[in-house]
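**Student:** My structure is below; once you've seen it, I'll send some questions.
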Amino acid sequence: MLKLPENFQSYGDARRAGFMRLKEAKENGARVVGVYCSFVPHELILAAGASAVPLCATSEEPIAAAEADLPRNLCPLIKASYGFAKTDTCPYFYFSDFIVGETTCDGKKKMFELLNDIKETYVLQLPSSRNAAALELWKKELIAFKEKLESFYHITITDDDIRQAIRRKNRERKVMKTFFELGTLNPAPISGYELSTRTDSSGFELNIDKRCEAIEERIAQVQADWEANYKGKPSNKPRILVTGCPFGGVRDKIVKTVEELGADVVAFDSCSGVREKIELVDETMPVMDALAKKYLNINCSVMSPNNTRIEYIGEMIEEYAIDGVLEIILQACHTFNVESHLVKKYVTGRGMPYLMLETDYSTADAGQINTRLSAFLETIG
């Protein structure tokens, strides 16, 4: 595994550091909206003069409390999200003015009904297909969400407010995409563990401009180091693409292990990877049309069909010179689990090794995962 920089913050460290910034911001009158999913249009929250904060959802700790109300055979991400709220152990949830959910799966949309008893939860009704009718429905949902923000904060959000927010979020997407594209270099100049940790942790910085500046600074450091010490010295380590479910709760168990076993995780097709950052919001279109179009095009498995995800995985295999594809499925995530059949068919059809790991947030299967990852990497050679 590539050496982490001396000032590297673990996800937990970054989250704790963010707590104090958030508390201070709230004491100074900041508006804060809690979010879980990349389908929530941050531009509208920004245009309301508020910050979107990622809510706690990646730990096994609160799951036992959640299972008092939720089925045990439910996705760990959903149980952790609810458990943190129920036990009041997520400061980001505590300091949020209200929560925004979305109907990305049956488990989440029913969980949000219970969550609403703890704190006001506004749910976006996301269509499950991409066509003219779905786009129109989604546009109406986004307009209703804008009106919710206006009524909640007693403000008026103008088209100019939204355009400015679109420009700021597009800048962030470009910066984060450039950060991930460091993985196209050979040898890999930065570990996948750091790439994914820094990306997830960046959401704990409320100021989007500071967020961009911090990532740009790290990009410059990595590029300078690569140019000075590694350029022209390609590595023969297996280059791995990670795809599938959000994996923050299993990053140490899987991503870190892959790299400790001698491979480089260089690309991420995931919610916290490039999936949401592929397409910018069109700055030439009417603002609500542009937002509806962009957010409906996210390559999530809740969309049916979802051929664009398969197409983009193919493009990433070429761009990042991938040697093997690792798919992470969280237990009971049925949409990604079913779609993994299509991913496997596509990847193996290209003559490339593929491994699907279905897991949860516990460490009970860590040894088995280590064994399977070792065997997977041996097939790459």
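The values are calculated or read from the model by the stated rules, or taken from the named source; none is laboratory data. Keep in mind it's a predicted model, so treat the numbers as computed, not measured. Counting neighbours? That spans all protein chains shown, and the Cβs are built from the backbone with ideal geometry, glycine included. All accessible areas refer to the heavy atoms of the entire protein, side chains included, with ligands and DNA or RNA removed. Shrake-Rupley method; radii C 1.70, N 1.55, O 1.52, S 1.80 Å.
**Student:** Could you work out what % of the accessible surface of the chain is carbon and sulfur, using a 1.4 angstrom probe and leaving DNA, RNA and ligands out of the count?
**Tutor:** Of all accessible area on the chain, carbon and sulfur atoms account for 49 percent.
**Student:** Still on this structure, I have one more. Divide by every residue of the chain the summed helix terms, -39500 (n - 2.57) for each DSSP H run of at least 4, and state the resulting mean residue ellipticity at 222 nm, rounded to the nearest 500 deg cm²/dmol.
**Tutor:** After summing the helix terms and dividing by the residues of the chain, the value is -15500 deg cm²/dmol.
**Student:** So, one more: Would you mind classifying segment 49-147 by shape? Square roots of the alpha carbon gyration tensor eigenvalues, ordered a ≥ b ≥ c; an a/c under 1.5 is rounded, otherwise it is prolate if a/b is larger than b/c and oblate if not.
**Tutor:** Since a/c reaches 1.5 but b/c is at least a/b, the shape of segment 49-147 is classed as oblate.
**Student:** Turning to a different aspect of this structure: Can you work out the accessible area per residue across segment 13-139, with the rest of the protein chains kept in place, probe 1.4 Å, in square angstrom?
**Tutor:** 42 Å²
**Student:** Name the cysteines of the chain that stand alone by the Cβ rule: no other cysteine Cβ under 4.7 angstrom.
**Tutor:** Cys37, Cys75, Cys105, Cys212, Cys245, Cys271, Cys300, Cys333
**Student:** Taking each pair of different alpha-carbon atoms in segment 245-315 once, compute 1/r for the pair, average those values, and report the inverse of that mean as the Kirkwood hydrodynamic radius in Å to one decimal.
**Tutor:** Radius from the Kirkwood sum: 14.1 Å.
**Student:** Give me the Å³ per residue figure for the convex hull around the C-alpha atoms of segment 172-228.
**Tutor:** Normalising the Cα hull of segment 172-228 by residue number yields 64 Å³.
**Student:** Kirkwood hydrodynamic radius for segment 202-305: how many Å is it when counted over pairs of different Cα atoms?
**Tutor:** Mean inverse Cα-Cα distance, inverted, gives 16.9 Å.
**Student:** Calculate how large, on average over all directions, the projected area of the Cα convex hull of segment 63-106 is; give the answer in nm² to one decimal.
**Tutor:** Hull-based average projected area comes out at 3.3 nm².
**Student:** Could I ask something else about it? Given the options Glu141, Glu24, Glu339, state which has the largest fluctuation in a GNM of the chain using a 10 Å cut-off (strictly under) for Cα springs.
**Tutor:** Glu24
**Student:** May I ask you to give the average projected area over all directions of the convex hull of the Cα atoms of segment 10-74, in nm² rounded to one decimal?
**Tutor:** Mean projected area for segment 10-74: 6.1 nm², to one decimal.
**Student:** Which lysines does Lys210 reach when only Cα atoms under 16 Å apart count, and residues fewer than 8 places away in its own chain are ignored?
**Tutor:** Lys169, Lys174
**Student:** A further question on this structure: Work out Dmax and Rg for segment 109-183 from the C-alpha atoms and quote the Rg first, both in angstrom.
**Tutor:** Just the Cα atoms of segment 109-183 yield Rg and Dmax of 16.3, 44 Å.
**Student:** Rounded to the nearest angstrom and ordered from largest down, what semi-axes does the equivalent ellipsoid of the chain get from its C-alpha gyration tensor (root of 5λ)?
**Tutor:** Three semi-axes, in Å: 32, 24, 22.
**Student:** Further question: If I take the Cα coordinates of segment 148-250 and project them onto the principal axes, what are the three extents in Å, biggest first?
**Tutor:** Result, largest extent first: 58, 30, 19 Å.
**Student:** For q = 0.18 Å⁻¹, what log10 I(q)/I(0) does segment 224-381 give under the Debye formula with an equal point scatterer on each alpha carbon and no solvent?
**Tutor:** For segment 224-381 at q = 0.18 Å⁻¹, log10 I(q)/I(0) is -1.13.
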